[in-house]
Amino acid sequence: MEGPERPTAKGMVWMSEGVRVLRRAGFVSLGLLALVLGAFVTSCDTARPETDGVGVIVTIPPVGDFVSHVAGDRAEVTVMVPPGSSPHTYEPTPSQMAAVSRASIYFKVGSGVEFETMWMADLVETNPEMLVVDCSQGIDVMEADPHIWNSPVNAQVMVESICDGLIEIDPANASLYREHRDDYLTELGVLDSYIRCTFKGFANRYFLIYHPAFGYFASEYDLTQLAVEHGGKEPTPRVIQDCIDKSLQYDLEYVFVAPQFATDECETIAAEIGGQIAMMDPLPENYIANMARIVAALAVEFED
């Protein structure tokens, strides 16, 4: 198992900025602050030991992280779209299909993730006995935006569905799953409070991102996401110029990009506005740590 992730120099700046913003906002509870920043500097190794527990399949890494928190050592989790890959283009490997054939349960996102729309029928055909749980149940899904997990409030709903699914196939360990669920829901609740306190009082609430994966996040926290890419198509020169104009209008300094997408157009925009590229991962292996990084980065952008 790998050791803790060490934040980059830029990450340390953002973390320090996050602490400063929290103190400015009056968010001084050391216990809550320690929990959030502890999550920020810690990463989880997604490789799990062999187990006689439940075989679980998920589509994306964040859902795998949710399952790992609820199931603990009771689950052997296979992530179909591995870190760094795009759910829009990824195709399952033979070893992944073999894992599907042995699995007890599949936690699908259920909100229109392209991998699921393309492959879900084949996956179910491979293992008709596998229970399929739709993690979008109870969430108001936006048209043409499948990224429901990037709202911590939605993440709490998804964790509830995951717990219910695990109990359905493994009722003997129901109390364990409920205990883990409650612990993780508490952490997600602290994350939600951290985000609201960090963003409180900012007048500028715009941010520019290549792939529009944070619509639910923006909606939840009263932000405006400006996207370079629309409908999965490469931006035209007119779209790029519009992004430049809006960046200058709202005094933006960063163009946020995901590691799953190319950034040539974003480099052009950053050069034109005198800004820089910054990472914003919509498919993290460690959900809370990644959200803490994103919030600290956005706080720097929102500062006058």
Just to make sure I understand: if all protein chains stay in place, what is the order of Glu285, Glu116, Glu168 by accessible area at 1.4 Å, largest first?
Glu168, Glu285, Glu116
Given segment 142-182, report the % of alpha carbon pairs whose separation exceeds 14 Å.
53 percent
One finds the C-alpha centres of segment 195-224 and segment 248-296 to be spaced, in Å, by 13 Å
Tell me the accessible surface of Met118 in square angstrom (1.4 angstrom probe, heavy atoms of protein chains only), to the nearest ten.
130 Å²
Please report the accessible area of Tyr216 (heavy atoms, 1.4 Å probe, ligands and nucleic acids excluded) in Å², nearest 10.
10 Å²
Using the Cα atoms of segment 237-304, I'd like the radius of gyration and the largest Cα-Cα distance, Dmax, both in angstrom.
12.7, 36
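I'd like the per residue volume of the convex hull spanned by the Cα atoms of segment 47-145, given in cubic angstrom. Numbers along the way, then the final one.
Values: hull volume 10.2 nm³, N = 99.
Roughly 103 Å³ of hull volume per residue.
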Kindly sort Thr236, Thr198, Thr117 by accessible area of their heavy atoms, largest first, with the probe set to 1.4 Å.
Thr117, Thr236, Thr198
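Can you tell me which of 120-128, 146-154 comes out highest on packing, and rank the rest after it, using the mean Cβ neighbours within 10 Å?
In descending order of packing, they fall as 146-154, 120-128.
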Return the ratio Rg/(2.2 N^0.38 Å) for segment 80-138, where Rg is computed over Cα atoms only.
1.08
Give me the orientation-averaged projected area of the Cα convex hull of segment 77-213, in nm², one decimal.
10.0 nm²
Convex hull projection area averaged over all views, segment 173-226, Cα basis, nm²
4.9 nm²
Using the Karplus curve 6.51 cos²θ - 1.76 cosθ + 1.60 with θ = phi - 60°, work out ³J(HN,Hα) for each residue of segment 117-133 in order, rounded to whole Hz, and write x for Gly and Pro.
5, 7, 10, 4, 4, 5, 5, 5, 5, 5, 9, x, 7, 6, 6, 10, 10
With no solvent and one equal point scatterer per Cα, compute the Debye intensity ratio I(q)/I(0) for segment 134-256 at 0.11, 0.16, 0.20 Å⁻¹ and report its log10, rounded to two decimals.
-0.51, -0.87, -1.12
Taking all protein chains in place and a 1.4 Å probe, what share, in percent, of the accessible surface of segment 190-304 do carbon and sulfur account for?
45 percent
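Starting from the Kirkwood radius over alpha-carbon pairs of segment 232-274, derive D by Stokes-Einstein at 10 °C in a medium of 1.306 mPa s and give it in µm² s⁻¹.
It comes out at roughly 148 µm²/s.
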Positive end of the dipole of segment 123-221, charges at C-beta (+1 Lys, Arg; -1 Asp, Glu), about the Cα centre: which of Tyr184, Ala144, Leu208 has its Cα farthest in that direction?
Leu208
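The values are calculated or read from the model by the stated rules, or taken from the named source; none is laboratory data. Keep in mind that what you see is a predicted model, and the values were worked out from it rather than measured. Positions of Cβ are generated from backbone atoms using ideal geometry, with glycine treated the same way; all protein chains shown enter the neighbour counts. Ligands, DNA and RNA are stripped out before the accessible areas are found, and what is left, the full protein with its side chains, is counted by its heavy atoms. Shrake-Rupley method; radii C 1.70, N 1.55, O 1.52, S 1.80 Å.
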